[in-house]
Each structure stands twice: as C-alpha cells, then as structure tokens.
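The values are calculated or read from the model by the stated rules, or taken from the named source; none is laboratory data. Computed from a predicted structure; not experimentally measured. Note: ideal-geometry Cβ built from the backbone for every residue, glycine included; neighbour counts use all protein chains shown.
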Amino acid sequence: MSRRAAVLAIGLVLLALVPPVAAAIGQPFYVDVFRRVMIFAIAAISLDLILGYGGMVSFGHAAYLGIGAYAVGIPAFYGIHNGWLQWTIAIVVSAAVALLIGAVSLRTSGVYFIMITLAFAQMLYYLGNSVEEYGGDDGMRLAARSALGVVDLRNGTTFYYVVLALLVLSLAVGHRLINSRFGMVVRGVRSNEPRMRAIGFSTFRYKLVAFMVAGAMCGLAGALLVNHTEYVTPEFMHWTRSGDIMFMVILGGMGTLGGPVLGAVVLRLLEDLILPAWTQHWQAILGPFLVLIVLFAKRGLVGLLPERRDG
Amino acid sequence: MGDVLLEVRGLTKSFGGLIATNRVDLQILEGESHAIIGPNGAGKTTLIAQLAGDLRPDAGTIAFAGGDITALTAPARSRRGLARSFQITSVFRDFTALDNVALAVQAHAGHSFRFWRPARRDGTLRQPAAAVLESVGLGARAGVLAANLAHGEQRQLEIAMVLATRPRLLLLDEPMAGMGLEESQRMIDLLRTLKGSHTLLLVEHDMDAVFALADRISVMVYGRIIASGPPEEIRANAEVREAYLGEDAR
Ligand SMILES: Nc1ncnc2c1ncn2[C@@H]1O[C@H](COP(=O)(O)OP(=O)(O)O)[C@@H](O)[C@H]1O
Ligand SMILES: [Mg+2]
C-alpha cells in the first residue's frame, strides 16, 4: 500500500471510531460534526473527479447538493419518505441536470466555463428562492428522515455509519473510475486535450459523462445533507457553497482521492468548530490561512506527504 | 507506390487579410514519402492542421482513402487513419512514456466507456504500446514521465504515439524541430525505417533530411505550392531555387 493510501485508511478508521469515542467522553455532538464533515467529503470527492482529474473548473457544483436535498425534501413534503426512492431521484435528477449543464458549458473553456457553470447554479438558486410552495427563500423543514427499511436514520449513530459507508464507497468507485480506461481519457484531457483529439478521442462525450458522474455523486451528498440538517433551503446551492467545496478540493490536494477528504475535514473543522471558538474574527484569519496554503502547498495538504506518483 | 491516398483540392485558409494556404492542390500516393518544404510562414503548419482537422478550411476539399473527410472532426479523421505530430512538442507530460503510447492504442481499441478495469494493467493496451516504444528506440524509457524525457526523446515519443494509432497516413510537422545534430540523425534514421512501410507527409526544414527521405517534394511559398516533383527535379527547378533554396542550391 502506498503511503498516502495508508494515511487515508488510518483516517477512515479514525472516523469509524468517532461515535464510540464521542460517547465515552460524553460529547455526542462530535458525531454530528463528523457526519457533516463526511457528507462534504463526498461532495468534494465528486468535484475532484472533474476538477482535479478532468481539469474542468466547475464553479457551480453546489447546485447538485441542492438538487439532492430537494429530491428528498419535496417527496417528503408530499408524505413520501421511502429513502431508496428519494435517493434514486436525487442521483438520477442530478445526473440529468449535469447532462444539461454540461452539454452547454463543456462547449466552452477557461473563464467562460467557470462563469457558465456558476450561472447555472445561481439560476437554480433563484429558482429555489422563487418557489413558495417549498418555502421559497425560507426553505422548508424535512418532516422525517429518509426511511431505509431496517436502517433507521433517526438514530444518529446509525446515520453516521451509513454516511461513512457511502464515503468509503465513493472512494472505491472513484479509485476504480480514475484508473479505468474512462479515467485515463478524463486525465488525458486535463493533461493535453488537443493531443487527445489528435490521437482519436472525441473528448466531449467523455467529459460530459464525467460531469454527470460527478453531479450524481454530489446529488447523493445533497440527499445526505438534507437528512443531516433536517432542513432544506436554496442556500445549499449558493455560490459560496460551491466555493467552499472547491476549496476543500484545492486545500486537500486536487487530483488525489484522499485530498478532498482531508480538505473537507480541515476546512469544516476550522469553519464550524475551531476558529469560531477561538475568536469572533475567525473569518479574517481563515482567509489568509487559505491563501498561504495555496501559495506554499501548491499540491495541497496531501502534497506535503511525499510519495511516488499517485497511481 | 500505388493509388491516390490523399487528394487535396483548392484548400484555402485566411487569417484576417493573410492567406495562409491559397488554393492548395496536393496528391499523396499510397506508400510514398512526400516532403513539403518552404520558408517560415509559408503555410505548412496551417496545411497540416487542416488535413488533420484541427483547422476548418475556408474553401476546398480533402478526400482520404476514397471518402470526403472535409467535414470530419480531428478525432474522426484519426480513427480513419490520419495521424499528425506537432511542430511544437505535444505529449502528455504528466504521464509516463508508456502511458502516452497506451492512450494512443486505447483511442483505437473501441470506445472508452469502460469504468471498472484498471487500464494500466490491461495487456491489450500495454503490450502494443511497449512494442511501439521499443520500435522508436524508447524501450528503456517506458517508465519515465514524459516531462522528464530529453527534447529529442519527446519528439520520438510523438512519433510513437502517431504509430500506435496504426495510421494509413502520417502527417509529421517538422519532426526534427529544435534538435541537435545527433538527435536529428537519430530521427532521420527512425523515419527511414518507416519509409516504404508507411505513407508519410513530412514537413521539414532540414534539406539533407528531405533529400534523404522524400520520394517527392512539394515546395510551398506564400501559401501556394509552386512546384512538386521528385527530388532531382526540385533541386533543378529554377523557380524553386530563386524562391526558396537561394544561394544554398548553387
Ligand atoms: N492561428 C493563426 N492566426 C493568425 N495567423 C496565423 C495563425 N496560424 C498561422 N498564422 C499565420 O499564417 C502564416 C502561415 O503560418 P504557418 O502555417 O505556421 O507557416 P509554416 O508552418 O510554413 O512556418 C504565417 O504568416 C502565420 O503567422
Ligand atoms: Mg510550421
């Protein structure tokens, strides 16, 4: 096992130990904190598939968090609580929306691509704000967490392990994907797209499918997030949320699978826990910290762990 | 030498007021080595780019292996058997030499919507790729990142990627660009091994290389092909000497 994979495995074991440790020290609130961390880690992994591996700087990735969340919230509003159904909707609708957004935005590149993905996400954000039926800008409470048969998400610890399992699954799927023929194409496009076309790859269709896979995975994260917060608002799709997810990827290390997880852990803990407890001016500290990381750890926190090329 | 493989008619491309290729007609025969020479800015790269599908012509047609390919995209042309190399080295710098060539093999091994099996352990990609690398003399450098190869080796790698697509026509844009004497000689030797077994369209500055490799030569000046013929004829052509070869040829 490579050093990075070992560190990632240790990290996952530590995550698995959070509920018993939190119970032992009488701080059950940590289960909540780390569940949220892991949900964002899944979102960040999904973004990294296109951003880090594919070189597609999508600045609207939070759109799929919102779609996934509403895919749970809206059926619940009508009394449909079947989780298998809700989560399937979350994944399928996210993939479909990614297909539409990708079909338009992937014809552009550079700054235009960034702006178009951002514009689509903002469009969905305003849509969420304007539909009064589902609470408009106030959002709506989730009447009940998704019902998954014997797996009872109302139990916070059970829900925690469901999220952990899905995080591990996302990592496994991501690992398979990036090393497959499909993954080699996506990485080749990031490396040198004109060359890819010259040797015979019609790159657009591969980029589009990668875009859909990333959207679907992030939609699942959205379905988890609404169950976690038991509330859904258009804020899930706000561009600052897209920026947050992107920063997790860059902070942790683009183009690695462990990076987004590490980035999610560090950024969430800093934003949610450490800095606010330390000083009320924490945002003024977080900014420069992030700038320093980007300047001095170009390959992210994971890049500080030296190793041969990642396979 | 056989049938016409590539038939170009009236190919025209302007950039603003500048006509980079001006009603170019060109025929490449199956099996020949055809060189295009001409001064800098004559439109050679623009011609190659249009043949490969990277640039859309303003007018004219390109027929390849009997079919009109003028409207096809670059990847579609590649899959039909046209392969280009670039004047400015273009490889996957963050992949190993073997990965570079394996990608070229993969591009011609059916679709790549295969999401599960690791491509780097796929013998049907790695073995042909390794064989091609070996054939261009990079066998010992398979595991080296392309970015860490010497300039001449990167140029060889370009040729390997071209060959890995099993093309019917190779479009080589100044394969010796930026090379030292020794590296150039190695490249000429390599191209000589392809001559005969492959159809080559070679853009080149180095006259020694051109006269050593080409069966036929076309001379391009200001976007036009002003002469076309076997090397002796081109050497003797007064117009060519005046326009291009100048003092050297005397
Ligand atoms: N993309 C472009 N935009 C504008 N002018 C171009 C472009 N590409 C080439 N040219 C111009 O077209 C002419 C032919 O260029 P090129 O085909 O690169 O010549 P060669 O390869 O024979 O040196 C040159 O004058 C060059 O400046
Ligand atoms: Mg040129």
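General remarks:
- Test for A:ARG190: is it within 14 Å of chain B (Cβ to nearest Cβ), touching a Gly at 6+ places or on another chain (Cβ under 6 Å) and basic (Lys, Arg): yes
- Residue in region A:91-112 that is surrounded by fewer than 24 Cβ atoms within 10 Å (Cβ to Cβ), modelled with pLDDT of 95 or more and more than 22 Å from A:TRP239 (Cα to Cα) present: yes
- Annotation note: Cβ proximity below 7 Å between a residue of region A:261-275 that is at pLDDT below 90 and a residue that is aromatic (Phe, Trp, Tyr) (sequence gap 6+ or interchain) occurs for A:LEU275/A:TRP282.
- Looking only at region B:30-41, and only at residues there that are buried (at least 16 other Cβ atoms within 10 Å of the Cβ) and closer than 21 Å to B:ARG235 by Cβ, the one that is farthest from ligand 2 (Cβ to nearest atom): B:GLU32
- Exclusive hit being touching a Leu at 6+ places or on another chain (Cβ under 8 Å) and buried (at least 24 other Cβ atoms within 10 Å of the Cβ), set A:LEU171, A:LEU225: A:LEU225
- Within the set B:GLU183, B:GLU134, the sole residue that is without any contact (Cβ under 8 Å) to a residue 40 or more places away in the chain, assigned by TED's automatic domain parsing to the domain that holds B:LEU201 and more than 19 Å from A:ARG195 (Cα to Cα) turns out to be B:GLU183.
- Against the conditions (1) out of contact with any Ser or Thr (no Cβ under 9 Å at 6 or more places or on another chain); (2) more than 12 Å from ligand 1 (Cβ to nearest atom), B:GLY16 satisfies every one except (2).
- Here A:GLN27 fulfils each of the conditions (1) assigned to a loop (DSSP other than H, G, I, E, B); (2) closer than 27 Å to B:PHE92 by Cβ apart from (2).
- For region B:118-167, taking the residues that are within 13 Å of chain A (Cβ to nearest Cβ) and part of a loop (DSSP other than H, G, I, E, B), the one that is surrounded by the most Cβ atoms within 10 Å (Cβ to Cβ) is identified as B:THR165.
- Filter pass, B:GLY81 being away from ligand 2 (no atom under 16 Å from the Cβ), in contact with a strand residue (DSSP E or B) (Cβ under 9 Å, 6 or more places away or on another chain) and modelled with pLDDT of 95 or more: yes
- Only one of the listed residues (A:ALA264, A:ALA216, A:ALA284, A:ALA221) is within 14 Å of chain B (Cβ to nearest Cβ) and part of a helix (DSSP H, G or I). That residue is A:ALA216.
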